[in-house]
Amino acid sequence: MQLCFRLLAFLVVLALIGWGYLVMRIDGRPFQKEVEDSIERSLGAKDLETNGFKRTEGQLNLVNLEMKGSKAAFFDSLKVTSMKCEMSLLDGFTGAWDTGLITAASANLEMRAGADDDAAAQQIGEALFKTYGRVKVSALQINDFNMGWGFSDQTKGSIHGAEARIQRVAEGWKVDLKGGTFSQNWIRGLKIIHLAATCTPEGITFDDARFGDDTANLDLTGLHITGGSRPTLSGTAVMTSVPMSALIPVAAQRFMDGTISGSFKVSGSLNTPSGVNLEGTATISDSDRLVFRDSLPLLRSLSVVDAYHNYRRVEFKSGSFKLKTGGAKMELSQVKLNGGDLMTVSGSLEARTPTPEEVRELIAQGADQSSAQFDLFVEDPSDDVGSGSGKYAEPSKDDDQGASPAGQDLTRLQQEAAERVASSMRYKGEFEISLNANAFDRAEMLAAKYPVDPETGRVVVKVPIDAGIGNITLKMASEIYKGGKR
């Protein structure tokens with residue numbers, strides 16, 4: 001009996017020692033270093049730092065986890081806050097460690113746009129899709145998910161403030177996002193209705209990709225991004241009453257707003273200078289309107305010389321144009337806009353990056369002068385000029401897109417990158433506008449230069465474009481204003 005008691009006491013002491021060892025093992029720095037090294041090896045990470053590493057009541061808690069990606073990683077940088085997962089005393093000691101659902105308050109991920117070659121692309125794929133040895137990761141849930149991608153201003157895109165659910169499946173990963181905003185160089189800050197994607201070694205397929213709201217949205221469902229060193233896109237972008245504020249530079253929003261619809265073929269790559277390419281036809285549908293305001297110099301000059309009509313706000317209720325982007329340029333062709341009796345517009349326009357000589361000129365003139373250039377045409381109308389309104393309309397202000405605090409810095413950088421591209425672009429083309437027959441009745445010089453077309457009964461004016469965005473139509477506006485003086 002005494003022997004049994006001693007044996008039982010020995011076993012209890014042994015169990016306590018074992019339990020104490022396991023507790024000390026998990027709470028000790030060596031085990032933390034073991035976990036950190038395992039994460040680095042599994043994800044191809046480097047410079048990993050953790051803070052608040054602690055196990056409590058069967059759960060591992062990390063206050064902060066931050067790392068950079070090596071050449072073999074699918075990311076350039078990753079930061080996660082308030083991460084939690086399941087962890088028993090025996091996990092990682094005997095058998096596999098099943099983390100269960102990993103949750104995090106926020107994650108900021110800067111994705112790698114591609115790789116230098118196919119061998120490097122294969123390494124990246126292995127880091128993303130391989131199983132992690134004795135650690136079983138099956139699902140992640142992130143309350144505030146932020147992600148950026150693209151290696152140049154023309155290819156940059158981002159997701160901000162989304163609620164993310166990421167699930168491992170047989171072929172790879174399923175990603176489900178709701179809320180937050182989506183941007184991709186030519187579109188900015190569209191709300192995410194639902195984004196569901198399947199990620200496999202062959203690429204990414206958007207199973208459901210809708211942005212905006214029930215009445216105004218962009219649908220990228222079916223879009224596919226192939227894997228490899230130069231990921232390529234293929235699919236269709238369908239726009240339904242998408243706001244122009246999400247599509248055009250901030251500088252252009254001073255004189256243009258409204259909504260458009262259309263279907264566009266998507267191609268190109270996130271890892272080449274040409275970036276994402278679009279080609280298709282944009283239309284002003286029954287539910288759309290395209291509006292130009294007299295912050296556009298041409299419209300202001302017409303308001304000054306035309307005594308009978310107001311051009312402060314010109315609304316086009318029907319029309320269409322073909323749009324093509326790629327190779328750091330944009331082409332508008334077959335433009336036909338109908339603003340009723342007040343104005344019609346037709347023509348074409350090309351926007352391209354500046355030549356080295358033009359860049360030197362811009363530098364000589366000083367940094368971005370867009371805001372000043374809009375105000376160059378500031379002569380006050382006097383008594384010897386027609387009696388139009390002659391005033392600028394108030395510029396519209398961007399709505400707060402509600403980017404989450406964790407993603408605000410990245411949002412700002414993305415917007416600044418898009419504006420740098422827009423402000424440096426050169427615009428060249430020609431439009432033909434038609435006006436009411438009496439538009440120049442009070443401006444004899446203009447009436448002589450632009451007589452009424454006997455076939456259409458309208459005044460036709462050709463408007464050449466060859467300038468930066470801040471000077472669009474400024475030259476023609478000055479000519480009309482001078483021609484309107486008596």
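The values are calculated or read from the model by the stated rules, or taken from the named source; none is laboratory data. Keep in mind the model is a prediction, meaning the values are calculated, not measured. Glycine gets a Cβ as well: all are built from the backbone with ideal geometry, and neighbour counts include every protein chain shown.
When Cys199 is tested against (1) in contact with a helix residue (DSSP H, G or I) (Cβ under 7 Å, 6 or more places away or on another chain); (2) closer than 17 Å to Met147 by Cβ, just one condition goes unmet, and that condition is (1).
When only residues in segment 160-195 that are among the hydrophobic types (A, V, I, L, M, F, W, C) and farther than 23 Å from Ser261 by Cα count, which is surrounded by the fewest Cβ atoms within 10 Å (Cβ to Cβ)? Talk me through it step by step, then tell me what you get.
To start, the set of residues in segment 160-195 that are among the hydrophobic types (A, V, I, L, M, F, W, C) comprises 162, 164, 166, 169-170, 173, 175, 177, 182, 186-187, 190, 192-193, 195.
Those left that are additionally farther than 23 Å from Ser261 by Cα: 162, 164, 166, 169-170, 173, 175, 177.
Numbers: Ala162: 23, Ala164: 23, Ile166: 19, Val169: 11, Ala170: 5, Trp173: 17, Val175: 19, Leu177: 22.
Within segment 160-195, the match that is surrounded by the fewest Cβ atoms within 10 Å (Cβ to Cβ) is Ala170.
Residues that are of a type in the set (Ser, Thr, Tyr) and either touching a Gly at 6+ places or on another chain (Cβ under 6 Å) or not in a strand (DSSP E or B) (or both) were ranked within segment 239-285; the one that is farthest from Glu315 (Cα to Cα) is Thr272.
Residues of segment 286-316 being of a type in the set (A, V, I, L, M, F, W, C) and assigned to a strand (DSSP E or B), which ones?
Within segment 286-316, the first condition is being of a type in the set (A, V, I, L, M, F, W, C), and the residues that meet it are 290-292, 296, 298-299, 302, 304-305, 307, 314, 316.
Scanning segment 286-316 gives Leu290, Val291, Phe292, Val314, Phe316.
Output the qualifying pairs, or none if there are none: Cβ atoms under 7 angstrom, residues six or more apart or on different chains, first residue in segment 56-78 and farther than 18 Å from Ser42 by Cα, second residue among the acidic types (Asp, Glu) and in a strand (DSSP E or B). Sorted first by the residue in segment 56-78, then by its partner, the pairs are Gly58/Glu86; Gln59/Glu86. The residue that is modelled with the highest pLDDT, counting only those in segment 170-200 that are touching a Cys at 6+ places or on another chain (Cβ under 9 Å) and of a type in the set (A, V, I, L, M, F, W, C), is Val175. Pairs linking a residue in segment 252-276 that is closer than 21 Å to Thr353 by Cβ and of a type in the set (A, V, I, L, M) to a residue that is modelled with pLDDT under 85 and in a helix (DSSP H, G or I), with Cβ atoms under 9 Å and 6 or more positions apart or on different chains, are Ala252/Ala422; Ala252/Ile469.
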